[in-house]
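Asker: One structure, pasted below without further comment.
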Amino acid sequence: MLGLLRGIWSYRQFIIDSIRNDFANRFARSRFGFIWMVAQPLAMVLVYALILSEILAARLPGIENQYAYAIYLSAGFLAWTLFFELLTRTLTLFIDNANLIKKMRFPRIALPIIVMGTGMINNAILLVAILGVFAVLGHTGGSELLWILPMMLLTASLALGFGLILGVLNVFIRDVGQFVTIVLQFWFWLTPIVYPLVIVPDEYRYLLEYNPLFPIVNAYQNILVYGQSPDVVSLLPAVLLALCLLVAGLLLFRKASPEMTDAL
């Protein structure tokens, strides 16, 4: 484990340059690269808000803004976008970089670190755009917004933990990637992002306790929608799960790393 950490530190400049190059390649030959980065999630929020706001907006207690549902959606999508991007990119990370892994000598663990870095920067840019939209809509926050940074770190750690384990398994069993794609579709709708918690029947709410993403999304909503600090106690299971997954992922990666090159 210490060897992996030393490898990350020794190749820190490689990681930083890779993150910078990722952005440079993404914006190459595009005049509106920055805009496209945030346009898709904001467009999705707009579509859901236009379709569903008439049904659900009146059921958002504690917020009087006429754009309440769009604000609620944006908060949930901010958390989900980071989780989804990191998990799906890590899922195929080693397969997508097979040639690089075979031809260059560098600590392979640097690859998920690069993905995490780019994903968090992308999400930070999206956050700034969302806060700008909120300001236009007359919804501003206070000091509770400082909680967003640790929430982003927790979301990224959970996604990276899942993604690292599944990404290693996907190298040897390619069906894993297809299966996870389907699971994520169900996972999205089983998390109160598009709909508020109040419409979930009481007899089914206990099921949300088994969804590790629920307390995280709920914390984002409390911070951005209601201007409240998150319930730290409710986040402890997610924190513990993220730490366990990261440790398990690193151990699995270390054990499988020699065989991964041959399987790619």
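The values are calculated or read from the model by the stated rules, or taken from the named source; none is laboratory data. Keep in mind it's a predicted model, so treat the numbers as computed, not measured. When we count neighbours, we look across all protein chains shown, and the Cβ atoms used for this are built from the backbone with ideal geometry, even at glycine. Surface areas here come from the heavy atoms of the whole protein model, side chains and all, with no ligands, DNA or RNA. Shrake-Rupley method; radii C 1.70, N 1.55, O 1.52, S 1.80 Å.
Asker: If Ile121 passes every condition in (1) buried (at least 19 other Cβ atoms within 10 Å of the Cβ); (2) touching a Phe, Trp or Tyr at 6+ places or on another chain (Cβ under 8 Å); (3) farther than 22 Å from Pro230 by Cβ; (4) of a type outside the set (Phe, Trp, Tyr) but one, which one does it miss?
Answerer: Result: Ile121 passes all but (1).
Asker: Kindly indicate whether Ile216 is under 17 Å from Leu86 (Cβ atoms), assigned to a helix (DSSP H, G or I) and of a type outside the set (Phe, Trp, Tyr).
Answerer: yes
Asker: Just name the residue that is modelled with the highest pLDDT out of those in region 14-35 that are surrounded by fewer than 14 Cβ atoms within 10 Å (Cβ to Cβ), within 24 Å of the chain's Cα centre (by Cα) and of a type in the set (S, T, N, Q).
Answerer: Among those that are surrounded by fewer than 14 Cβ atoms within 10 Å (Cβ to Cβ), within 24 Å of the chain's Cα centre (by Cα) and of a type in the set (S, T, N, Q), it is Asn21.
Asker: Another one. For region 158-213, which positions are assigned to a helix (DSSP H, G or I), farther than 15 Å from Thr92 by Cα and open to solvent by less than 10 Å² (accessible area, probe 1.4 Å)?
Answerer: Within region 158-213, just Leu158 meets the criteria.
Asker: Given the structure, is Pro107 in contact (Cβ under 8 Å) with a residue 24 or more places away in the chain, crowded, with 20+ Cβ neighbours inside 10 Å and not small (Gly, Ala, Ser)?
Answerer: no
For (1) buried (at least 16 other Cβ atoms within 10 Å of the Cβ); (2) at pLDDT 95 or above; (3) of a type in the set (Ser, Thr, Tyr), each residue gets a yes or a no:
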| residue | (1), (2), (3) |
| --- | --- |
| Pro215 | yes, yes, no |
| Tyr220 | yes, yes, yes |
| Leu224 | yes, no, no |
| Asp231 | no, no, no |
| Ser234 | no, no, yes |
| Leu243 | no, yes, no |
| Gly249 | yes, no, no |
| Met260 | yes, no, no |
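Asker: Specify the residue that is farthest from Leu46 (Cα to Cα); the eligible residues are those in region 82-100 that are surrounded by fewer than 23 Cβ atoms within 10 Å (Cβ to Cβ) and among the hydroxyl-bearing types (Ser, Thr, Tyr).
Answerer: Among those residues, the one meeting the criterion is Thr92.
Asker: Let me ask something else. Among the residues that make up region 71-79, is at least one of them modelled with pLDDT of 85 or more, exposed (fewer than 13 other Cβ atoms within 10 Å of the Cβ) and under 21 Å from the mean Cα position of the chain (by Cα)?
Answerer: no
Asker: Please count how many residues of region 152-166 are of a type outside the set (Ser, Thr, Tyr) and within 10 Å of the chain's Cα centre (by Cα).
Answerer: Final tally of qualifying residues: 7.
Asker: Take Leu5 and tell me if it is modelled with pLDDT under 70, over 15 Å from Val194 (Cα atoms), part of a helix (DSSP H, G or I) and not aromatic (Phe, Trp, Tyr).
Answerer: Yes; evaluated as a whole, the condition is true for this residue.
Asker: Sticking with this structure for a sec: Given the conditions (1) over 18 Å from the mean Cα position of the chain (by Cα); (2) open to solvent by 30 Å² or more (accessible area, probe 1.4 Å), and given that Glu144 satisfies all but one, which numbered condition is not satisfied?
Answerer: (2)
Asker: Please go through region 52-70 and give me each residue that is at pLDDT below 70 and part of a helix (DSSP H, G or I), ordered by number.
Answerer: Leu52, Ser53, Glu54, Ile55, Leu56, Ala57, Ala58, Arg59
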